[in-house]
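Participant: Below is one structure. I have some questions about it.
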Amino acid sequence: MNNYLDNSNKQIKLAMMFVTGYGGESYSWRFSESDPKAYTNIQTYIKLAQTAEKGKIHMLFIADTPGITGSGVNGDMGRNSPMFVMEPMTIFSAVASHTSKIGLVATYSTTYNLPYNLARQLKTLDHISNGRIGWNAVTTGTRAVAYNFGNEPLPDTSTRYEMADEMVESVQSLWGSFGKDAYIADKQSGEFINMEEVIPVNYQGNYYQTQGPLAIPPTPQGQPPIFQAGPSYEGIELAGKFASGVYANPFTIDDAKHYRMMLKESAIKHGRKPDEINMFSGFMATVADTYEEALERRYELLDYMSENEYNEQILYLSAMISIKLSEMNINEPLPQFLQDQARPNPRDPRSNRAVELIKKGLNPREVLANGIINYHPVVVGTPDDVADFMETWFKAGATDGFSIVPESQKGIEDFVEKVVPVLQERGIYHDDYEGDTLRDHLGVPEQYGIRK
Ligand SMILES: Cc1cc2nc3c(=O)[nH]c(=O)nc-3n(C[C@H](O)[C@H](O)[C@H](O)COP(=O)(O)O)c2cc1C
């Protein structure tokens, strides 16, 4: 195995996705144990964060798009919680004061923000949390968002990535504009700030301009580390240049290895060490003491779907396995000759898994319940099943860690109580935090201001 990918002396790093107050699965708000109005209840977020911290999860992660995006198959807010609701920094501001170790990574668009505001808010929050904040700098590809910020259509991908480059560069420059030792506050001498160490940035980009300085001293981790999400060539360039963490969504070990390799090579190209960039592969889990119990929860989610949504899922599964299912009894395994005919759809990387399960003799409804149409690979099963998935990927060198998307509020507790001890027993997950800041948790070097 290539050296950069070798994980033999490493342990898994974990991000827990903080998706609304409910969890990552559509309709999880309807589970009997879910608080149906959780998304506006900050106490719910605080409790979930404290649970994740008990499990020594390295960081919480809030994906965000400043616009309405439904989590339902049709994005139907009438029946389903929207995906991105309360504002990430504001949530973390409350969560930070009720936790002490866990990292807090918030997503902010590089297309729909201004550098001075963002630099100021993130560094303030980094102080509030004692150095636990990260910024997931995303370019945002959603047209609905564009119209929330004016009447202009969404800029094209390369423009958005040029803007991203300028945004991260100018924010980091602002962070570094207040020198490391500039904060004096000496009552005796009367010197408050050493003005020789406070230097305006006078940033003049094509898209963003800012003068600075930003009068906020370094935080316990200097400044927040950068995360990135978006696998295009430009995305990998941006990550290689700036990111300490990348939120990724590969579906197979081979794809993940290839992507991870490209990220590490991009870091090297930009004068950094391969270990300075950590890939977090998304995966979703429904965990219970038995597979049957976990499956029951997944069936319950399918039952909450409208007839239309359910039919669409069947249609989609048909396309994934190249077999028309609409007139079949989908509660029975396919006859052997059809199982033999099942072929993955080359345009959808999730199809391989769908075909594998069909050929194992699972009926199509059970295949759907295994989450094969989800945004990430899904594991439905026992704590050992979930740990096996993680260990296999990790030992193959496919990833530095995982972004776990728990199915529901209960899913966070189940992961922490049932899966974390198994990972620890196997020696592939830490017993305690390595330090106090997010940079400590990530094992990435100190950085202050723009990297030269
Ligand atoms: C795993 C993953 C997570 C993402 N999360 C977000 C997000 O939370 N908010 C957002 O606006 N865009 C998000 N994006 C979209 C990216 O920011 C980007 O706009 C999009 O993927 C197009 O860039 P690309 O061509 O590099 O993929 C995400 C993309 C990926 C792959």
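Participant: Return the total of residues in region 109-127 being more than 16 Å from the ligand (Cβ to nearest atom) and either open to solvent by 10 Å² or more (accessible area, probe 1.4 Å) or free of Cβ contacts under 8 Å to residues at least 12 places away in the same chain (or both). Full working, then the answer.
Facilitator: As a first pass, look at region 109-127 and keep what is more than 16 Å from the ligand (Cβ to nearest atom): 114-117, 119-121, 123-127.
Those left that are additionally either open to solvent by 10 Å² or more (accessible area, probe 1.4 Å) or free of Cβ contacts under 8 Å to residues at least 12 places away in the same chain (or both): 114, 116-117, 120-121, 124, 127.
Final tally of qualifying residues: 7.
Participant: Then there's this: Which residue, of 354, 369, is open to solvent by less than 10 Å² (accessible area, probe 1.4 Å) and touching a residue at least 40 places away in the same chain (Cβ under 8 Å)?
Facilitator: Values: 354 fails: touching a residue at least 40 places away in the same chain (Cβ under 8 Å).
Going through 354, 369 in turn, the sole match is 369.
Participant: Anything in region 241-258 that is within 12 Å of the ligand (Cβ to nearest atom) and not hydrophobic (A, V, I, L, M, F, W, C)? List them, or say none.
Facilitator: Passing the criteria: 245, 247, 249, 250.
Participant: Taking the options 340, 385, name whichever one is open to solvent by 10 Å² or more (accessible area, probe 1.4 Å), of a type in the set (Asp, Glu) and closer than 30 Å to residue 11 by Cβ. So that I can check it myself, show each step before the final result.
Facilitator: Values: 340 fails: closer than 30 Å to residue 11 by Cβ.
Just one listed residue meets the conditions, 385.
Participant: Checking residue 26 against (1) within 21 Å of residue 419 (Cα to Cα); (2) in contact (Cβ under 8 Å) with a residue 24 or more places away in the chain, only one condition comes out false. Which one?
Facilitator: (1)
Participant: Starting from region 241-262, keep only residues that are open to solvent by 10 Å² or more (accessible area, probe 1.4 Å) and of a type in the set (Asp, Glu), then list their pairs with residues that are in a helix (DSSP H, G or I) and away from the ligand (no atom under 12 Å from the Cβ) whose Cβ atoms are within a distance under 7 Å, requiring at least 6 positions of separation or different chains.
Facilitator: Between residues of region 241-262 that are open to solvent by 10 Å² or more (accessible area, probe 1.4 Å) and of a type in the set (Asp, Glu) and residues that are in a helix (DSSP H, G or I) and away from the ligand (no atom under 12 Å from the Cβ), there is no close pair.
Participant: Go through 24, 131, 78, 67 for me and flag whichever is farther than 20 Å from residue 403 by Cβ, within 15 Å of the ligand (Cβ to nearest atom), among the small types (Gly, Ala, Ser) and in the same structural domain as residue 238 (by TED's automatic domain parsing). Lay out the reasoning, then the answer.
Facilitator: On the way: 24 fails: farther than 20 Å from residue 403 by Cβ; 131 fails: within 15 Å of the ligand (Cβ to nearest atom); 78 fails: within 15 Å of the ligand (Cβ to nearest atom).
Within the list 24, 131, 78, 67, the selection yields 67.
Participant: Hey, can you tell me all the residues within region 96-108 that are surrounded by fewer than 24 Cβ atoms within 10 Å (Cβ to Cβ) and under 17 Å from residue 62 (Cβ atoms)? Before you say what the answer is, go through the steps one by one.
Facilitator: So the first thing to find is which residues in region 96-108 are surrounded by fewer than 24 Cβ atoms within 10 Å (Cβ to Cβ), and the list is 96-101, 107-108.
If the condition is that a residue be surrounded by fewer than 24 Cβ atoms within 10 Å (Cβ to Cβ) and under 17 Å from residue 62 (Cβ atoms), then 96, 97, 98, 99, 107, 108 are the ones that fit.
Participant: Moving to a separate point now. Go through (1) closer than 25 Å to residue 62 by Cα; (2) within 16 Å of the ligand (Cβ to nearest atom) for residue 348 and report which single condition fails.
Facilitator: The number of the failed condition is (1).
Participant: What are the residues in region 321-337 that are crowded, with 17+ Cβ neighbours inside 10 Å and either outside the structural domain of residue 352 (by TED's automatic domain parsing) or part of a helix (DSSP H, G or I) (or both), if any?
Facilitator: Once the filter is applied, which keeps residues that are crowded, with 17+ Cβ neighbours inside 10 Å and either outside the structural domain of residue 352 (by TED's automatic domain parsing) or part of a helix (DSSP H, G or I) (or both), region 321-337 yields only 321.
Participant: Given the criteria closer than 25 Å to residue 277 by Cβ, open to solvent by 50 Å² or more (accessible area, probe 1.4 Å) and more than 21 Å from the chain's Cα centre (by Cα), does residue 130 qualify? Before you say what the answer is, go through the steps one by one.
Facilitator: Values: closer than 25 Å to residue 277 by Cβ: yes; open to solvent by 50 Å² or more (accessible area, probe 1.4 Å): yes; more than 21 Å from the chain's Cα centre (by Cα): yes.
Considered against the rule, which asks whether it is closer than 25 Å to residue 277 by Cβ, open to solvent by 50 Å² or more (accessible area, probe 1.4 Å) and more than 21 Å from the chain's Cα centre (by Cα), residue 130 comes out as yes.
Participant: Follow-up. What are the residues in region 136-183 that are polar (S, T, N, Q) and closer than 25 Å to residue 85 by Cβ, if any? Talk me through it step by step, then tell me what you get.
Facilitator: Step one: filter region 136-183 for residues polar (S, T, N, Q), giving 136, 139-140, 142, 148, 151, 157-159, 170, 172-173, 177.
Across region 136-183, the qualifying residues are 136, 139, 140, 142, 148, 151.
Participant: Let me ask you something else. Could you please tell me which pairs satisfy a Cβ distance under 6 Å, a separation of 6+ or placement on different chains, a first residue in region 188-199 that is outside any strand (DSSP E or B), and a second residue that is open to solvent by 60 Å² or more (accessible area, probe 1.4 Å)?
Facilitator: 191/184; 194/184
Participant: I've got another one for you. Go over the candidates 264, 241, 269 one by one and state the one that is over 28 Å from residue 407 (Cα atoms) and touching a Phe, Trp or Tyr at 6+ places or on another chain (Cβ under 6 Å). Full working, then the answer.
Facilitator: On the way: 241 fails: touching a Phe, Trp or Tyr at 6+ places or on another chain (Cβ under 6 Å); 269 fails: touching a Phe, Trp or Tyr at 6+ places or on another chain (Cβ under 6 Å).
After applying the criteria, what remains is 264.
Participant: Run residue 305 past the list (1) within 27 Å of the chain's Cα centre (by Cα); (2) within 18 Å of residue 377 (Cα to Cα); (3) not charged (D, E, K, R) and report the number of the one that doesn't hold.
Facilitator: (2)
Participant: Those residues that are away from the ligand (no atom under 15 Å from the Cβ) and assigned to a helix (DSSP H, G or I), I need them from region 259-271; list them, please. Spell out how you get there, then give the answer.
Facilitator: From region 259-271, those away from the ligand (no atom under 15 Å from the Cβ) are 261, 264-265, 267-271; that's our starting set.
Hits for region 259-271 are 261, 264, 265, 267, 268, 269.
Participant: Please find, within region 81-108, the residue that is nearest to residue 312 (Cα to Cα) out of those that are of a type in the set (Phe, Trp, Tyr) and within 14 Å of the ligand (Cβ to nearest atom).
Facilitator: Kept after step one, since they are of a type in the set (Phe, Trp, Tyr), are these residues of region 81-108: 84, 92, 108.
In the following step, the residues that additionally are within 14 Å of the ligand (Cβ to nearest atom) were identified as 84, 108.
Numbers: 84: 24, 108: 32 Å.
Checked region 81-108; the qualifying residue nearest to residue 312 (Cα to Cα) is 84.
Participant: If you don't mind, another one. Considering region 49-61 alone, what residues qualify as being open to solvent by 10 Å² or more (accessible area, probe 1.4 Å) and of a type outside the set (Lys, Arg)?
Facilitator: Taking region 49-61 and keeping what is open to solvent by 10 Å² or more (accessible area, probe 1.4 Å), we get 50-51, 53-54, 56.
50, 51, 53, listed by residue number.
Participant: Give the residue, chosen from 405, 379, 420, that is within 16 Å of the ligand (Cβ to nearest atom) and closer than 30 Å to residue 303 by Cα.
Facilitator: Working: 379 fails: within 16 Å of the ligand (Cβ to nearest atom); 420 fails: within 16 Å of the ligand (Cβ to nearest atom).
From the options 405, 379, 420, the qualifying one is 405.
Participant: Among the residues of region 140-165, what is the count of those that are part of a loop (DSSP other than H, G, I, E, B) and more than 11 Å from the ligand (Cβ to nearest atom)?
Facilitator: The initial filter retains those residues of region 140-165 that are part of a loop (DSSP other than H, G, I, E, B), namely 140-142, 147-156.
Filter again for more than 11 Å from the ligand (Cβ to nearest atom), leaving 147-153.
Of the residues in that region, 7 qualify.
Participant: Within region 415-441, work out how many residues are open to solvent by less than 10 Å² (accessible area, probe 1.4 Å) and part of a helix (DSSP H, G or I).
Facilitator: Number satisfying all stated conditions: 6.
Participant: Continuing with the same structure: I need every pair where a residue in region 398-409 that is assigned to a loop (DSSP other than H, G, I, E, B) has its Cβ under 7 Å from the Cβ of a residue that is β-branched (Val, Ile, Thr), sequence separation at least 6 or different chains.
Facilitator: Here the result reads 398/253; 407/286, each pair linking region 398-409 to a residue that is β-branched (Val, Ile, Thr).
Participant: Filter region 272-320 down to the residues that are touching a Phe, Trp or Tyr at 6+ places or on another chain (Cβ under 6 Å) and part of a helix (DSSP H, G or I), then identify the one that is least open to solvent (accessible area, probe 1.4 Å).
Facilitator: Among those that are touching a Phe, Trp or Tyr at 6+ places or on another chain (Cβ under 6 Å) and part of a helix (DSSP H, G or I), it is 301.
The values are calculated or read from the model by the stated rules, or taken from the named source; none is laboratory data. Note that the coordinates shown come from a computational prediction; the quantities given were computed from them, not determined experimentally. Neighbour counts run over all protein chains shown; Cβ positions are idealised from the backbone, glycine included. What goes into the accessible areas is simple: the full protein's heavy atoms, side chains included, and nothing from ligands, DNA or RNA. Shrake-Rupley method; radii C 1.70, N 1.55, O 1.52, S 1.80 Å.
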